[in-house]
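Structure, as structure tokens:
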Amino acid sequence: MSSPFTRRLDIEHPLIQAPMSGSTPPSLVAAVSNAGGLGSLGAGYLEPQAILDQAAQIRALSDRPYAIGLFILPDAFEADLEAVAKAREQLDALMAREGLGVRTSMPAQWAPRYSDQFAALCEARPAVAMFAFGVITPAQLRELKQRDIYVIGTATTVDEARAWADGGADAVSLQGAEAGGHRSTFLHDAEDGMIGLFALLPLAVRAMAAYSRDVPLIAAGGIMDGRGVLAAEILGAAASQLGTAFLTCPECSAAEAWKQDLPRVEDYQVTTIRGFSGRAARGLRNRFVEAMPSAAQGLPYPILNALTAPLRRAAAAAGRGDLLSEWCGQAASLVRPQPAAELVARLMYEYRLAKRTLEP
Ligand SMILES: Cc1cc2nc3c(=O)[nH]c(=O)nc-3n(C[C@H](O)[C@H](O)[C@H](O)COP(=O)(O)O)c2cc1C
């Protein structure tokens, strides 16, 4: 299973556990990296000090390479305070109707400052930095390269893959329409960035062939077992990036109600949702999504995300999966709850088994 990509990253398997902000604690990241994959800390919602603390925790548990993933965002946001007040009123009323004794509050900030998060990432110096929602600047690329950090950019279209290749990324993670969590789309409307992975991969392979250097492509979206990892490899991927498959690991910090709902999810119930965060994301269309108040629907990311955060925390504590943001990919019900190291071993066993059936 050794390839130029795995050798460059010094990992055993062509397998990346996706950064999933809010759900990838150090114990999960370290378990995957120790098992020979690339564990990733989703740090999109973490303050800089928390990034440093969690990176130190990963280091204490593993000396293997791991990644930190960030969302590329402006440092400050303008909110329409009148719209915010109206949305808060409606969200509070919804929570009261649902019997959850929680109210929204005005957060001290709408999101952690991206440039401070970036500085913390550089200080933590993981083997790999992964980015979504945009492209890093040339100065940021220089800072990462000075520290010998491998850069993976996320793309949902061929244009975005080119933008990352032009921007100096070492590799590009292709987020197919099937993928769980927030859409990374940054050059197009979210609806236009919904390309299925089986179309996106070969298209991006062709586009990357025009570059004089090798730009490995990583496949993400709906991959739940070793056959999927092999299928992605056959279509030209250097590795597969799985998010949803790791959500039911005991090390994953996703709410219990969310973990229990995943095996029962029907494919048609997994849709694109803006209602929790203000940005298109794939997840389970549950009661909250159906009842989303009109005033909240118009608020952008990360304003709405910050407003619904305490509601989602309260829903998790109360075991109310129907009021949680249950992000997941289209193949969610194929989850196999088991420790992360066992899942990595199982995925690679299935991959080898499937590969053998192709041998003459
Ligand atoms: C709960 C959840 C949270 C996610 N958070 C992030 C994130 O913080 N950063 C990121 O680059 N991608 C994030 N993603 C997207 C993954 O990187 C990846 O594209 C996706 O999980 C692949 O599809 P799958 O879930 O079907 O495996 C998230 C996905 C999920 C399911």
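The values are calculated or read from the model by the stated rules, or taken from the named source; none is laboratory data. Owing to the predicted nature of the structure, the values given are computational and were not obtained by experimental measurement. Please note: Cβ atoms are built from the backbone with ideal geometry, for glycine as well, and neighbour counts cover all protein chains shown.
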Options F288, F198: the member that is surrounded by 19 or more Cβ atoms within 10 Å (Cβ to Cβ), over 16 Å from the mean Cα position of the chain (by Cα) and among the aromatic types (F, W, Y): F288
Residue, farthest from Y45 (Cα to Cα), within the range 310-360, restricted to residues that are buried (at least 17 other Cβ atoms within 10 Å of the Cβ) and touching a Cys at 6+ places or on another chain (Cβ under 8 Å): L343
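Output the residues belonging to the range 214-261 that are aliphatic (A, V, I, L, M), part of a helix (DSSP H, G or I) and within 10 Å of the ligand (Cβ to nearest atom).
The one that is aliphatic (A, V, I, L, M), part of a helix (DSSP H, G or I) and within 10 Å of the ligand (Cβ to nearest atom): A245.
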Is one or more of the residues making up the range 91-98 crowded, with 23+ Cβ neighbours inside 10 Å and away from the ligand (no atom under 16 Å from the Cβ)? yes
Taking the range 272-288 as the search range and keeping residues that are in contact with a His (Cβ under 9 Å, 6 or more places away or on another chain) and in a loop (DSSP other than H, G, I, E, B), which one is modelled with the lowest pLDDT? S277
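Taking the range 262-271 as the region of interest, how many residues are more than 13 Å from the ligand (Cβ to nearest atom) and either in a loop (DSSP other than H, G, I, E, B) or within 28 Å of L299 (Cα to Cα) (or both)?
Residues that pass the stated criteria total 4.
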F131 fails exactly one of the following numbered conditions: (1) in a helix (DSSP H, G or I); (2) buried (at least 18 other Cβ atoms within 10 Å of the Cβ). What is the number of that condition? (1)
Output for Cβ contacts, cut-off 7 Å, separation at least six or different chains, first residue within 28 Å of R285 (Cβ to Cβ) in the range 327-350, second surrounded by fewer than 17 Cβ atoms within 10 Å (Cβ to Cβ), reads Q330/D267; S333/P263; S333/R264; V335/P263; L343/R336
Count of the range 153-163 residues which are within 16 Å of the ligand (Cβ to nearest atom), surrounded by fewer than 24 Cβ atoms within 10 Å (Cβ to Cβ) and either within 16 Å of the chain's Cα centre (by Cα) or over 15 Å from A219 (Cα atoms) (or both): 1
Tally, over the range 26-51, of residues that are surrounded by fewer than 17 Cβ atoms within 10 Å (Cβ to Cβ) and either touching an Asp or Glu at 6+ places or on another chain (Cβ under 7 Å) or touching a residue at least 60 places away in the same chain (Cβ under 8 Å) (or both): 3
